[in-house]
1. Treat the count of other C-beta atoms within 10 Å as a stand-in for reagent exposure and order 228, 104, 145, 280 from fewest to most.
2. Just rank 100, 269, 181, fewest to most, by other beta-carbon atoms within 10 angstrom.
3. Taking neighbour counts of Cβ atoms within 10 Å as a proxy for exposure, in what order, fewest first, do 152, 24 appear?
4. If I take R0 = 41 Å and measure r between the Cβ atoms of residue 280 and residue 26 in this structure, what FRET efficiency does the formula 1/(1 + (r/R0)^6) give, to the nearest 0.05?
5. Evaluate the distance, in nm, between pseudo-label points positioned 7 Å from the Cα of residue 233 and of residue 289 along their respective Cα→Cβ axes.
6. Report the gain in length on full extension from residue 41 to residue 127: 0.36 nm times residue separation, minus Cα-Cα distance, nm rounded to one decimal.
């Protein structure tokens, strides 16, 4: 499994202030890992459920799945809530849901996302075609982003008012992280990995997330320069994403339901747009070359 890390000797197009909300960005990374892990477990449980025979065994497995989902959702709620409380204490140092701040955080977070390469994906999804793996990745990411919305809504039932803005930022970064990871893995599945090192490659995938289509780089790569059309588009996308995150803060548990459904729908829509674009250019559109 490829575990990209930040490479300090390569320049980052937009450098975030190191004093700004390390806790919030780390919480987003933890939330991405937790939500993706839960989605993977649920997929395995569904496969096992289809293979089980007998009503009693199937009911037992369903109860175990519900219990596992509830436990994992509470764990993610605690991660998000803890980050929101810690982040609220440094609000005066620049923590906000502003699009420029979110852009810097996304660019700093992207190289740290746990992206799987093609060999790992084919090992984890044996005997599946590129399209079948892509569909599994889209459904898994949709399930993971829905879990984040539910977790935020569950925590906000008893809100810590000064932390609400940071809570929105944490959910926004978490869902965007899940979606950028999906973008990167879809490029792997269809054999169109972006060129360059980890930072250049993940920056390209951030641009692909913003443009809702696969990477098509000119020589020299892609730079999200401040004030460029692509940087402004990214900021608009993030501002819209932060606005949708507010749905998770609805009264009682209505926010959890609304946030979960909205996140699932938007992530699935993004994944299918990317899949269709990448498939049209893929060397694997007719199946694996080997």
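1. In increasing order of surrounding Cβ atoms, one gets 280, 228, 104, 145.
2. Exposure proxy ranking, most exposed first: 269, 100, 181.
3. Placing the least packed residue first, the sequence is 24, 152.
4. So, using R0 = 41 Å, E works out to roughly 0.65.
5. My value for the distance between the label points is 2.8 nm.
6. Full-extension gain reported as 29.0 nm.
All of the numbers you see were taken from the coordinates with simple rules; none came from a lab. The structure presented is a predicted model; accordingly, all values stated were derived computationally and were not measured. Note: ideal-geometry Cβ built from the backbone for every residue, glycine included; neighbour counts use all protein chains shown.
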